[in-house]
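Only one structure is covered here, and it is reproduced in the block below.
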């Protein structure tokens, strides 16, 4: 099926072709095109659609109008060109009340089941809970609103917008609306909100000058619509989508135009149309507009999907964007990582700049909030800067990092950003510790955690996903307790700050053997140490005085599965073993110890809560880290990164010549240590 458009703008929308059937071919109609169209598309009632309609009429072809859906993206198209949703209408377009549209027909037909109604109620609850709108980049900023205790909200729109003329309105309509709001609410503040694209400087509105003339209060700042609605007594609109969101927020809505949700008995209407002569409730209109009329696309799978898939993605992006707004200066981050870290830390408004030191970042960046790689700073430096009132966000690799080692310059797909401390330093609280200690985990997130555990076990996903070459079966004594002892990089920050008395791999091995004289002990050195790139390698002859077997080039998952217990200082392998149902003994104070799941040599007095493995996974893998999809460079969920790591693991990673050379030198260094 060949779908033609006369608009370069439509043709160039990223991922638009995936909204059409897979066999469809979207092409640009011009004098050079030789493709014969089976169908023509245009963008709503825009002037660019005129040629498309003429072309369709001339060749007797079906014509469909496209438009953005009601939950479009993180920000307007100029910033976020790829939409979450698109509307297809072969009758009219929803904002043009002068004639029928497919949406109007869907509302009239009202083919709604009991399960549809339950679904709509749940989705509206989620939309309200996460404050999701058409665009989702604006801060919630309730401090502005709380200063105005009692107000009615008047919604401005962009000048000459097609949704204004389509709702049978004009500049006089906006003036009448503002005057009505003032007259009907003499003792109440009239708050005028300008449109997001007016705030961004892309367009102008109708009410800015008029509101000043009438001495109304104007909100020109970017602010989440739900924040405005939360304290509004009543909402006045011509045809804004925010009017429908006000209905979802259970606010009285007065319409001066004829938007898609007016005329059905839910709003106080200044205009009517004989076509809308039946009563409809909020859920019925929501089902028609958001569930039947809109088509959604998952940005990671590029498959059409339901709204249920889009809302968590929107909420995640919205939250990360909000958290990133103040991250303007970074330091102590290796150059090879900076491009990747920028993708993690940028926001719609800005992206971070990199400085050689914290002092330079403060002086040049004109900010007192700095993000720095945690292990590059000494604890006393961190303490000193914080005493000076500097806000330090400490960054580290996440727990599902990559396919390949950081020592091989493989960029991370996951990081953590900690405002309190850092997860491997038990001397002070971290954000992760506070999450595990204080979060009331919902049934929803516990279910996600259970599914994540299943996926990690099934796909054998770990932090680095290396060592899968050796698949030979192990022959281990069946009648002995088999203990896996995990080596670590001895100069790693997690050893320096996460241990108490035992601080080396050799001392760990000695202690484990002393406590378990009759057990079969397998020692696995750290991959970076095996590669000769980090400190912590034990001479094999020395290690075999305490271990029965040394294995290096083998999957850590295979070893965990073969053993009964895992003993570690602070290694993430302990956490990975807990996920796989193994007993774990900790000889340091890693983040997963102290919660009743591990056998601990030492106690952290702050950790006094007993948690389940699902709660630990929810805090550690869902809430605490950030994930970046390596395929799209988009912020993503842990579920997406698990799938991507599995894909990458199957393909394998090709190391650069420089990395291979470093590995060769590392092996030579290791041979010297063994000798």
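Need one word for region 323-430: rounded, prolate or oblate. Basis is the Cα gyration tensor (sqrt eigenvalues a ≥ b ≥ c); a/c below 1.5 gives rounded, then a/b vs b/c decides.
oblate
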**Prompt:** Which option, (1) -0.26, -0.50, -0.84; (2) -0.31, -0.59, -0.88; (3) -0.51, -0.80, -0.98, is the value of log10 I(q)/I(0) by the Debye sum over Cα atoms at q = 0.05, 0.07, 0.09 Å⁻¹ that was calculated from these coordinates?
**Reply:** (2)
**Fill in**
For the pair residue 647 and residue 281, the simple spin-label estimate (label points 7 Å beyond Cα toward Cβ) gives in nm 4.2
**Request:** Write down the percent of antiparallel bridges among all DSSP beta bridges whose residues are both part of the chain, to the nearest 5.
**Result:** 25
**Asked** What per residue convex hull volume, in Å³, do the alpha-carbon atoms of region 314-357 yield?
**Response** 64
**Asked** Taking other Cβ within 10 Å of each residue's Cβ, how do 526, 332 sort, fewest first?
**Response** 332, 526
**Prompt:** Quick one: helix 48-58 against the long Cα principal axis of the chain, what's the angle to the nearest 10°, folded into 0 to 90?
**Reply:** 70
**Message:** What whole-number distance in Å separates the alpha-carbon centres of region 117-147 and region 189-256?
**Reply:** 15
**Asked** At what distance in angstrom do the alpha carbon centres of region 473-489 and region 415-445 lie from each other?
**Response** 31
**Request:** Could you check what % of the DSSP bridge pairs in region 1-102 are antiparallel, to the nearest 5?
**Result:** 30
**Message:** Please report the antiparallel percentage of DSSP beta bridges with both residues in region 18-174, rounded to the nearest 5.
**Reply:** 45
**Request:** List the relative contact order of region 438-640 as a percent without decimals, with contacts defined as Cα pairs under 8 Å and 6+ residues apart.
**Result:** 22
**Message:** With 30 Å as the cut-off, how large is the P(r) tail for region 438-640, expressed as percent of Cα-Cα pairs?
**Reply:** 22
**Residue-averaged [θ]222 nm for the chain, counting only DSSP H segments that reach four residues, each worth -39500 (n - 2.57)** = -10000 deg cm²/dmol
**Asked** Between region 258-277 and region 517-532, how many Å separate their Cα centres?
**Response** 73
**Prompt:** Distance in nm between label sites at residue 518 and residue 474, each 7 Å beyond Cα in the beta-carbon direction?
**Reply:** 2.1
**Request:** Rank the residues 567, 427 as a footprinting-exposure proxy: fewest other Cβ atoms within 10 Å of their Cβ go first.
**Result:** 427, 567
**Prompt:** How high is the FRET efficiency between residue 542 and residue 130 when r is their beta carbon distance and R₀ equals 45 Å, given to the nearest 0.05?
**Reply:** 0.20
**Prompt:** Extension gain residue 1-residue 454, at 0.36 nm per residue separation less the Cα-Cα distance, in nm?
**Reply:** 159.0 nm
**Complete:** In degrees rounded to 10, the 0-90 angle between helix 443-459 Cα long axis and the longest Cα principal axis of the chain is 50
**Request:** Report, to two decimal places, the Cα Rg of region 2-107 normalised by 2.2 N^0.38 Å (N = number of residues).
**Result:** 1.06
**Prompt:** What nm value, rounded to one decimal, do you get for the distance between residue 359 and residue 273 when each label is placed 7 Å out toward the C-beta?
**Reply:** 6.8
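Pull out the extension gain between residue 419 and residue 500, defined as 0.36 nm times the separation in residues minus the alpha carbon to alpha carbon distance; nm, one decimal. If you can, show how the numbers build up before the last one.
Values: separation 81, 0.36 × 81 = 29.16 nm, distance 2.37 nm.
Answer, rounded to one decimal: 26.8 nm.
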**Fill in**
Taking Cα atoms, the helix 657-674 axis meets the longest principal axis of the chain at an angle in degrees (rounded to 10) of 20
**Complete:** Taking Cα pairs closer than 8 Å and at least 6 residues apart, the relative contact order of region 283-435 in percent is 14
**Message:** Within a 10 angstrom radius of the beta carbon, how do 373, 336, 226 rank from fewest other beta carbons to most?
**Reply:** 336, 373, 226
**Fill in**
So the FRET efficiency between residue 447 and residue 34, C-beta based with R0 = 41 Å and rounded to 0.05, is 0.20
**Asked** What is the extension gain from residue 609 to residue 350, computed as 0.36 nm multiplied by their sequence separation minus the C-alpha to C-alpha distance, in nm to one decimal?
**Response** 89.3 nm
**Item:** Label zone at residue 335, where the point sits 7 Å out along the Cα-to-Cβ direction: region 354-370 residues whose backbone N lies under 14 Å
**Value:** 354-356
**Request:** Can you pull a Stokes-Einstein diffusion coefficient for region 124-238 at 10 °C (1.306 mPa s), Rh from Kirkwood over Cα pairs, as a whole number of µm²/s?
**Result:** 109
**Message:** Below 8 Å, C-alpha to C-alpha, sequence gap of six or more: please give me the relative contact order for region 120-297 in percent.
**Reply:** 24
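Read-outs: derived from the displayed coordinates by stated rules, not from any lab. Keep in mind that what you see is a predicted model, and the values were worked out from it rather than measured. Quick reminder, even Gly has a Cβ in these numbers, built from the backbone with ideal geometry, and neighbours come from all protein chains shown.
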